[in-house]
Structures are given as structure tokens and as C-alpha cells.
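To start, the structure under review is shown below, and the notes come after it.
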Amino acid sequence: SLASSSSLSADINPPVTNGVNGQSLTTRVQVVNEDKEFSKDLGDHIERWGLHNAGFGYDVVAVFGSQSTGKSTLLNRLFGTTFDVMDESNRQQTTKGIWMCRAQNMNVMVMDVEGTDGRERGEDQDFERKSALFSLASSEVLLVNLWEHQVGLYQGANMGLLKTVFEVNLGLFGKRRLDEATRQRTLLLFVIRDHVGSTPLANLQKTLTLDLTKIWNGLSKPEGLEDCQLTDYFDLAFTTLSHKVLVPEKFETDVQSLRKRFTDRDDPNFVFKPAYHKRIPADGVAHYMESIWEQVQSNKDLDLPTQQELLAQFRCDELATLALEMFNTQAKSVRKPVEAGQVVEGLGGMMQSWKNESMARFDRDASRYHPGVYARKRADLVAQINSGLGPLFLGQLKNLHKFALSSFKKEVLAGIKGDGYDFGEVVLGATARNEGLFREGATEVLLPDTDWSYEEELQQLSHDISLIADQCRADETKKMVSNIERTIKKQMSESIEHSLNQATPDMWDNVLRTFKETLAKAEATYLGKATSFNCTEEENTTSLAILRKRAWQALRAKVDEQLTDLTFLAKLKSRFEEKFRYDKEGVPRVWKPDDDVDSVFRAARDELIPLFSKIQPKDRSLEFSLPSDSDDSTLTDEGEFDFEATLVVFTEAKQADLSTRFRRDADAYYVEAKRSMVSSIAQ
Ligand code: GDP
Ligand code: MG
């Protein structure tokens, strides 16, 4: 595995040739080619180098200098990189472009620039300037490579190029305030090659610093930055290397001690200071560099903070898309069952864990980017995930509602089977249990960090439960009323039959007394049960009204049953016989010639028909009445009801009809009576 920090790397013996183990770790990539096109493979290479997940734990170093000053040779020695070195024998030009390679055993990305010497050849200064600018903008440490004999030659070497680079660079940073806390500095590390030793480093350093200051002072500076100093932006460091060919061992020792400055954190001259870091997470480097190159290419003013924000937006969007994809894949599994109406067990827990995983995935990589952008994109992602989960939440609520409601129905129906249950208790228990069930399920699926609520659905459920409870109670009440009605019929039957048979003048008083007593008992029974049903006052009023009406109708049915034409005619006949054949003392009558047969006959007939024709007690306090339909239309469940009409047993027409039919029957008795009179006279 790789050292997580550059300082942990072990000593190595550069250069490392291709083909040994770790080859893929040190494969180089042409970041920008001869045609000034930025490579699409940089990201892949960073990943192949194992730096993708390094976060901020990596560094970038680049080199700047004239053609064939041993830059690539130096980089390969320092970092174990595999950059092309010009062949000694045929001095062939290496492939032009900007190259990058991972340092061996160090989390360092090393950039090498290959170019023509435009200044000498009079061509392609554009590429040199742009690649230099690119190196400066994207690296923490820029190695400025030059021959010792170039020192002090302002016009010679690359000092002119440096002026241009400084100028544009200042333009890039021009918009930023000097006191900005996050301002980045860059280390310019001058490496003086082929140092003979006669001029001490201190003198060379002095000359170079003077030259640089001169260049700096000669820059045309952006508005507001007229007084800014070179040292406001750059740290300068200097070192020398001995002649590689003349004193190879010395050269080697010099390289090793220079290398220490890149690897040893404890070295007082350690180069990778936090202030130099560009604060671009490793997985964003490819995109970041590409956009810098684009801006360099199009000669736009580079504004690095804005650049960082743009990059953060781009990368955070990419990471959010990834996180969202991951989330969607997971959430997909339950979408179907939820839509199909199933209550998914533990759905809330699952949703929370998908969300957590996706957010953690996002946070891991995105948190390294511009904090403001990251926070904004994070909030967007949370909102997106929540809105993806919203339908599942609502679906689960709907299904819980359906489930609780049907479970309530089942429980109540099971609870009121057989006898000995308390309807009110059954309903109350089932309500509490199933609303509890819903609340429990809804709480499980309610995620924190959302504005979700299940109150509305719960209210709807309570409402639906009460509707069903009402329906059950109505059924139950109806059942009870029917039971009571049956009891009433049974209780009244015998007594009413008896009263009607007696046909005494106070017959209806007896009938009504029985009726009222029975009804009173029935009402008491109803009210006794209704209290446990939790019936409302209104429901009780309705039920009692129904009960009274049914009781009355039962009575009327009983009366009708007892007073069919035939039975009534029989009653008339027996009453006539009684009156006609026996006297008041019950002694058989012997008709005498002067007896008034007609009036006895009439009396028998006229006594019963009016008595039976209308339900009318002698004692008016026994009168009973019910509201008719015209008074209370809510009772019209079985046709029109006219109470007054129900008091009439025989209508006028019926009475006349009965009277006629009775006369026909009675005629035989009448004739027989007359005959017996005649015979008694004859005796
Ligand atoms: P670059 O074009 O700056 O990358 O230079 P190269 O690394 O390709 O080297 C160019 C030539 O200089 C090669 O032939 C090297 O062998 C040679 N060279 C490398 N380092 C040194 C050095 O320190 N001194 C001298 N005199 N020659 C060197
Ligand atoms: Mg080179």
C-alpha cells in the first residue's frame, strides 16, 4: 500500500525503469499534447496511481526552465519518475507537451514540460508561456531550473519568460485581496545546475533575487495592486547541483540532499508547506487542471477562487448524481410492493440507511471542496433524496391506513360474534389497537430531517374508523331492536288474544295496558344496552321511535290476525247466540210470542261491531299515539305511516259489509228462534 504522506517514503534509487513492479504506479501521462489538447485520461491515471482517494493528502510539483537544461533528468532522479530524457548520442527532441507522473512511494504528482526553445527558434512562444503559466497555477512548488552561467543574464535564459508568467499570474491573483486568509502562496525553488563552486550559493541567490525584484518592479500591475510585492505571492528558495558529467558522485549527493526537502517533513527546508496547497481534492485534480488549461488556452483571466467554486459545483454535482443513483437503485426494490399496497416491514429503517449511505458517500468526497458550494449541494441532495423517499412515506401511510382499517373491521366483526360481548368495549379496544398500529408504523417510516407528518392521515383513519364503528353500531342497534320487537310480540300475544276473546266493553283498555307495559319494559331493555354501545342521544331517540312504531305495528298485526272476517263473524255469532239463546243469568231462553226477537238480534250485532271497529279505550289516559310520517319523515323506512289510520280496525264500509254478512248467518238463528216460538205456542 502507498504511503499516505510524502514524508513517509523510503529512500529510493532513481531513476526507475518501466517494467519493474509498480509500473502502473509510475506510468506517465501526457496531460497536454503537441496540439495543446488536454488529455481525457488524467483522471484515470490519478486513479491508477492510487491517488484518487487521497483527498488533500497529495502534492503537486512542476518544473520550469529552458530546453535541455536537464529538467527531466532531475525529476526522474528526485522522484523516481519516468519522463523522457534527451538521448545523449543523437540529441533528439523529446515529445512536446506537458507530462505528469506519480512520484515513486510519494503522494506527489510531478509535472514535466517539454517544449521547443521558442526564444531561440522564434516559434511557439505561445506554448511555452501557456505551459509555464499552467505549471505555476496548478503546482505548489515550481522548480526553476537554470545553468549557473545563466545567472545574471537577464536577457538570456528564461528570465524574460518569467516576466510574462509573473505578469499574467498577477492578473490571475489581481482580483484577490492581499489579506485574504485563504490566499495561497507558491514556492519558487531555483535549482542552479552545473554549479562549479567558485561563486557561492549566497551570491548566486543574491543576484537572482535582485533580477526577480527587477522583473517584478517592471511588471504592469493591475489596478489596486500597484504596490504589491513579489514576496506577497511567492516564497523563494535556492539550491545548487554539481556537474552531472564532471562530478557524478557529487551530483548524486546533491540530488539526495535536495530530495530530502521533498520527503522529510522534519527537514527545516521541507517544501510542501500547507500554505502552498491548492486545496483541490485529489479526485478533482483532473477536472481542475483541465479547466485551468482551458482558461490559459482561451487567455481568460484566471480567478482561482471562482475556479475552485466552479470545480466544486462540477464535482459536487457529479458526486451527488452518483449518490443519487446509488440511492435510487436501493430504493427501487420497495417501490413496487409499496405501490401494490403492501405495508413494507421496517421501511423507515431501510430508507434511513439508504439515505445515510448515499449521504456518507457524497460527504466523503464532496466535503473536500469549497465549503459553501459543498454545503449548498449537500442541502440540494438531501432535498432530492427526501423527495425521492416522499412517495414511499406517503404510500406506506396509505397502506397502513388501509391495513388498520380492515384490521379494525375484522376485529369488530370477530368481537361481536356470539353472546356476552360488550359492543362499546369491542369498538373502543379495536379503535385503540389499530390507531396504535398505524401510529407505530407511521412513526417508523417518518424520517427526521424532513417536513413530513402523518397527522392528517391519522385523522382520516380515525374518521374512517368512526364511520365503520357507526355502521356497525347501527347494524347492532337494528339487531337489538329486532330482538326486542320479537320479545314484545311474544309477551303481548296471549294477553291480547284473551282480551279480544273476552270482548268486554273495556277490551281496548286491557289491550293498551298490556301494550304499554310491554313497551315500557322493552324501552328499558334498549336503553340498558344502548349505554354500552356509546350510542348518541340522537341515535337513541331514533331507535326508540323505531321500537315504538314496530311494537305498535306488532300490536296491530296481532289485532288483524285475531280479527279476520271469519273469526270476527264467529265472534258475532257466538255473542248473538249467547244473547239470543240465554238470558242475562245464563239460563236458556224460552221465547214467548211477545218477545222482541229483533231488538235482541240488533243488540248483539250493534254491540260488537262498534267495539271492535276502533282501538279506543274507555279510560282516555290509556290512549297511545305515535307521530305520523307527516310529523317526522325520518321514520319512513317501510311505506307511509299514518297513526290515526292504524286506530281504525274496521272502516265504515267494512262495518257495513260485516253487518250484512252477519245478518245472513244470523237469519238462520232468527228463523230458528221464530220457529221455536211458534212451536212453543203450539204446545
Ligand atoms: P530537459 O530537456 O531539460 O528535460 O533535459 P534532459 O533531462 O532531457 O537532458 C538534456 C541533456 O542534458 C541530456 O543529454 C542529459 O544527459 C543532460 N544532462 C542532464 N542533467 C545534466 C546536468 O546536470 N549537467 C549537464 N551538463 N548535463 C545534464
Ligand atoms: Mg525534458
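Report the extension gain between residue 357 and residue 643 in nm, rounded to one decimal, defined as 0.36 nm multiplied by the number of residues separating them, less their alpha carbon distance. All intermediate terms of the calculation are to be shown ahead of the outcome.
Working: separation 286, 0.36 × 286 = 102.96 nm, distance 7.66 nm.
Between residue 357 and residue 643, full extension yields 95.3 nm more.
Could you check the spin-label model distance between residue 536 and residue 665? Points 7 Å from the Cα along Cα→Cβ, value in nm.
So the two model labels end up 5.4 nm from each other.
By accessible area of protein heavy atoms, probe 1.4 Å, what ranking do 266, 583 get, highest first?
Working: 266 135, 583 50 Å².
The most accessible residue leads, giving 266, 583.
Could you give the spread of the C-alpha atoms of the stretch 190-257 along their three principal axes, from largest to smallest, in whole angstroms?
51, 22, 17
Give me the extension gain from residue 456 to residue 596: residue separation times 0.36 nm, minus the current Cα-Cα distance, reported in nm with one decimal. Each step should come with its number before you reach the end.
Values: separation 140, 0.36 × 140 = 50.40 nm, distance 8.93 nm.
Length gained between residue 456 and residue 596: 41.5 nm.
Out of 505, 544, 467, whose Cα points farthest toward the positive end of the dipole of the stretch 444-573 (charges: +1 Lys, Arg; -1 Asp, Glu; placed on Cβ)?
Projecting each Cα onto the dipole axis, the largest value belongs to 505.
Which angle between 0 and 90 degrees, to the nearest 10, do you get for helix 423-445 versus the longest principal axis of the chain when only C-alpha atoms count?
That helix lies at roughly 10 degrees to the long axis.
Among 526, 151, 50, pick out the residue whose Cα is farthest towards the positive end of the charge dipole of the chain, where Lys and Arg carry +1 and Asp and Glu carry -1 on C-beta, about the Cα centre.
So the residue we want is 50.
Over the stretch 466-509, average the accessible area per residue using a 1.4 Å probe and give it in Å², no decimals.
Details: 2300 Å² over 44 residues.
Ligands and nucleic acids excluded, the result is 52 Å² per residue.
Taking +1 at the Cβ of each Lys and Arg and -1 at the Cβ of each Asp and Glu, which of 401, 333, 142 sits farthest along the dipole of the chain towards its positive end, judged by Cα position relative to the Cα centre?
It is 333.
Quick one: the Cα spread of the chain along its three principal axes, in angstroms, biggest first?
Principal-axis extents of the Cα atoms in the chain, largest first: 191, 53, 40 Å.
Over the chain, what is the percentage of antiparallel beta bridges among all DSSP beta bridges, to the nearest 5?
Working: 12 of 35 bridges.
Of those bridges, close to 35 percent are antiparallel.
Give, rounded to the nearest 20 debye, the magnitude of the charge dipole that the chain has about its Cα centre when Lys and Arg contribute +1 at Cβ and Asp and Glu contribute -1 at Cβ. Mind showing how you got there, number by number?
Working: 85 positive and 106 negative charges, 175 e Å.
Computed about the Cα centre, the dipole is about 840 debye.
Probe 1.4 Å, all protein chains in place: accessible area of residue 623 in Å², nearest 10?
Surface open to solvent at residue 623 totals about 80 Å².
Accessible area, 1.4 Å probe, largest first: how do 195, 149 sort?
From most exposed to least exposed: 149, 195.
Largest first, what is the accessible-area ranking of 453, 198 with a 1.4 Å probe?
Numbers: 453 70, 198 100 Å².
Largest accessible area first, the residues go 198, 453.
Enter the angle in degrees (range 0 to 90, nearest 10) between the Cα long axis of helix 652-682 and the first principal axis of the Cα atoms of the chain, meaning the one along which they spread out most.
Once rounded, one gets 20 degrees.
Cα-Cα over 19 Å: which of 36/273; 355/398; 478/529? Could you put the intermediate results ahead of the total?
Working: 36/273 31 Å; 355/398 22 Å; 478/529 12 Å.
Too far apart for the 19 Å limit: 36/273; 355/398.
Put a dot 7 Å past each Cα toward the Cβ at residue 196 and residue 614; how far apart are the dots in nm?
Those two pseudo-labels are separated by 15.4 nm.
Under a Cβ-only charge scheme (Lys and Arg +1, Asp and Glu -1), can you give me the dipole magnitude of the stretch 30-76 about the Cα centre, in debye to the nearest 20?
Working: 4 positive and 7 negative charges, 34 e Å.
Using Cβ point charges on Lys, Arg, Asp and Glu, the stretch 30-76 gives about 160 debye.
What lysines does residue 71 reach when the alpha-carbon gap must be under 19 Å and sequence neighbours fewer than 8 apart in one chain are set aside?
96, 130, 244, 250, 260
May I ask you to derive the FRET efficiency for residue 149 and residue 379 from their Cβ-Cβ distance with R0 = 45 Å, giving the value to the nearest 0.05?
Numbers: r = 60 Å, r/R0 = 1.32.
So, using R0 = 45 Å, E works out to roughly 0.15.
How tilted is helix 347-366 with respect to the longest principal axis of the chain? Cα atoms for both, answer in degrees (0 to 90, nearest 10).
In the chain, helix 347-366 runs at an angle near 20 degrees to the longest axis.
Only Lys, Arg, Asp and Glu count, each charged at its Cβ (+1, +1, -1, -1), so figure out the dipole size of the stretch 368-427 about its Cα centre, rounded to 20 debye. Don't skip to the end; give the middle numbers.
Numbers: 9 positive and 5 negative charges, 139 e Å.
Rounded to the nearest 20 debye, it is 660 debye.
Using Cα pairs closer than 8 Å and at least 6 residues apart in sequence, work out the relative contact order for the stretch 222-335, in percent.
The value is 11 percent.
What's the extension gain from residue 249 to residue 470 if we count 0.36 nm per residue and subtract their Cα-Cα distance?
Working: separation 221, 0.36 × 221 = 79.56 nm, distance 10.27 nm.
Extra length available between residue 249 and residue 470 comes to 69.3 nm.
Taking all protein chains in place and a 1.4 Å probe, what share, in percent, of the accessible surface of the chain do carbon and sulfur account for? Before the final figure, lay out each step's value.
On the way: 16900 of 33720 Å².
After summing per-atom areas, the C and S share lands at 50 percent.
The values are calculated or read from the model by the stated rules, or taken from the named source; none is laboratory data. Given the structure is predicted, the values throughout are model-derived calculations rather than measurements. Neighbour counts run over all protein chains shown; Cβ positions are idealised from the backbone, glycine included. Quick note on the areas: whole protein, heavy atoms, side chains included, nothing else; ligands and nucleic acids left out. Shrake-Rupley method; radii C 1.70, N 1.55, O 1.52, S 1.80 Å.
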